[in-house]
1. Of everything in the stretch 1-56 that's acidic (Asp, Glu) and free of Cβ contacts under 8 Å to residues at least 60 places away in the same chain, which residue is farthest from Arg140 (Cα to Cα)?
2. Collect the residues in the stretch 29-81 that are of a type outside the set (A, V, I, L, M, F, W, C), modelled with pLDDT of 95 or more and touching a Lys or Arg at 6+ places or on another chain (Cβ under 6 Å), keeping them in residue-number order.
3. Across the stretch 262-281, what is the number of residues that are part of a helix (DSSP H, G or I) and under 17 Å from Arg217 (Cβ atoms)?
4. Taking into account only those residues within the stretch 210-224 that are in a loop (DSSP other than H, G, I, E, B) and under 16 Å from Gln278 (Cβ atoms), which is nearest to ligand 2 (Cβ to nearest atom)?
5. Quick one: would you say Gly70 is in contact with a Gly (Cβ under 8 Å, 6 or more places away or on another chain), in a helix (DSSP H, G or I) and more than 19 Å from Arg9 (Cα to Cα)?
6. With the stretch 91-197 as the region, which strands (runs of 3 or more DSSP E) entirely inside it contain at least 3 residues that are within 16 Å of ligand 1 (Cβ to nearest atom) and closer than 28 Å to Val289 by Cβ?
7. Taking the stretch 48-70 as the search range and keeping residues that are under 26 Å from Asp123 (Cα atoms) and small (Gly, Ala, Ser), which one is farthest from ligand 2 (Cβ to nearest atom)?
8. If you check every pair at least six apart or on different chains, which have Cβ atoms under 9 Å apart with a residue in the stretch 118-144 that is crowded, with 20+ Cβ neighbours inside 10 Å first and a residue that is of a type in the set (D, E, K, R) and in a strand (DSSP E or B) second?
Amino acid sequence: MRRAFTLARRGEGRVEPNPMVGCVIVRGSRIVGEGYHRRFGSHHAEVYALRAAGRRAAAATAYVTLEPCGHTGKTPPCTDALIAAKVKYVVAAMSDPAPEVAGRGFRKLRAAGIEVRTGCLNDEARSLTRPYVTRLKLQRPYIILKWAQALDGWLSAPDGQRRQLTGQAAARIVHRLRARVDAIIVGASTAIVDNPLLTARDVPIKRIATRVILDSRLRIPPTLKLVRTAVQAPTIVFTQRSRDDHARAAQLLTQRGVEILPCKSRNQRIDLRDALHQLYQRGMSNVLVEAGPTLATAFLAADLADEVMCFVAPEALGREAKSVRFPARFAERFDISHHSADSDALFHAVRRSPVRT
Ligand SMILES: NC(=O)c1ccc[n+]([C@@H]2O[C@H](COP(=O)([O-])OP(=O)(O)OC[C@H]3O[C@@H](n4cnc5c(N)ncnc54)[C@H](OP(=O)(O)O)[C@@H]3O)[C@@H](O)[C@H]2O)c1
Ligand SMILES: [Zn+2]
């Protein structure tokens, strides 16, 4: 099963909004076939593994990280393929919570005389399927909230100007994330002050992330890099619903290829849940928020972070700048680990249960 998980992870960034799935077929003590879901629309893991195993799948055990599908989706049901190959046992790490699968896959296998076991490495399966389950249960994408701060807690110098705090190792981690998520969100202030591109550089690109700016009053100028490159990489601006007085600004941005989406407002600002729901409706599974202190605090206060990546650089920025405020009892709800990235530290917090039940 561990091998099946390693294989499944290879699909990360390519299979979404499907879940990552791996499959290993074992006969006696030998692996006779293995496979994983490679990209959205491609065959499922079981099909690749069965193909590789050929006739050796007969009487074998199939280890799958997720319940095999028993319905016809983009591809024919995997249960049928397992039954046709005369597999004897199926071991699945977890059942599929999608309503069209849930339990149906197992029932079909059992009805065909295949012995089914579930729950093996269940924690790992839950961790692997977090974005998939978050979409299903919460109708929003999985959110990774990231920022960098100095050792004294500040995110930017008092003058508010852009400042590269962290080193190359941290940058590489961020670029790898950018290269696999569906969207990268920034606040209007960061878009204006930092004038970032938000593209992934010097890493393998798994999907092109849509760049998303939360700009309640439509105040970003059309000269920003994000706007000027909107024809190369998709760019969305969420703004408050009523924007009649912004008609001119909106026109300048749309002419340059920016998509402006009206959004509900909350306390005079973008309603984060509404914006995220709209990204969900576009099929997005993973969203990276490259937050300044205001936006990071807002996401944390709204309980809208599934993971927090806080890079800490060993320097001091001095007083009178802004820092991120954590909500009460944050540590009770997250597992926090510490890693190093060259001379920077990375505090990584992962929500204990991706979905509150
Ligand atoms: N160290 C880091 O990792 C890092 C990362 C990013 C930025 N920065 C620095 O941080 C500074 C900017 O930070 P900031 O705190 O001023 O701004 P920010 O967090 O980047 O963005 C906040 C802005 O987003 C808009 N916004 C829209 N909806 C919102 C909502 N629901 N909640 C909160 N904000 C919402 C608001 O502007 P409107 O009301 O006009 O919509 C708000 O002022 C810059 O100096 C930048 O260099 C540092
Ligand atoms: Zn399938």
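1. Glu34
2. Correct list: Tyr36, Arg39, Arg56, Thr79.
3. Number satisfying all stated conditions: 3.
4. This residue is Asp215.
5. Details: in contact with a Gly (Cβ under 8 Å, 6 or more places away or on another chain): yes; in a helix (DSSP H, G or I): no; more than 19 Å from Arg9 (Cα to Cα): yes.
No.
6. Details: elements: 115-118, 142-150, 183-187.
The strands (runs of 3 or more DSSP E) meeting that bar are 142-150, 183-187.
7. The qualifying residue farthest from ligand 2 (Cβ to nearest atom) is Ala60.
8. Within 9 Å, the pairs are Arg130/Glu307; Arg130/Arg351; Tyr142/Glu307; Ile143/Glu307; Ile144/Glu307.
The values are calculated or read from the model by the stated rules, or taken from the named source; none is laboratory data. Model, not experiment: these values are computed from the prediction. Heads up, the Cβs are rebuilt from the backbone with ideal geometry, glycines too, and the neighbour counts pull from every protein chain shown.
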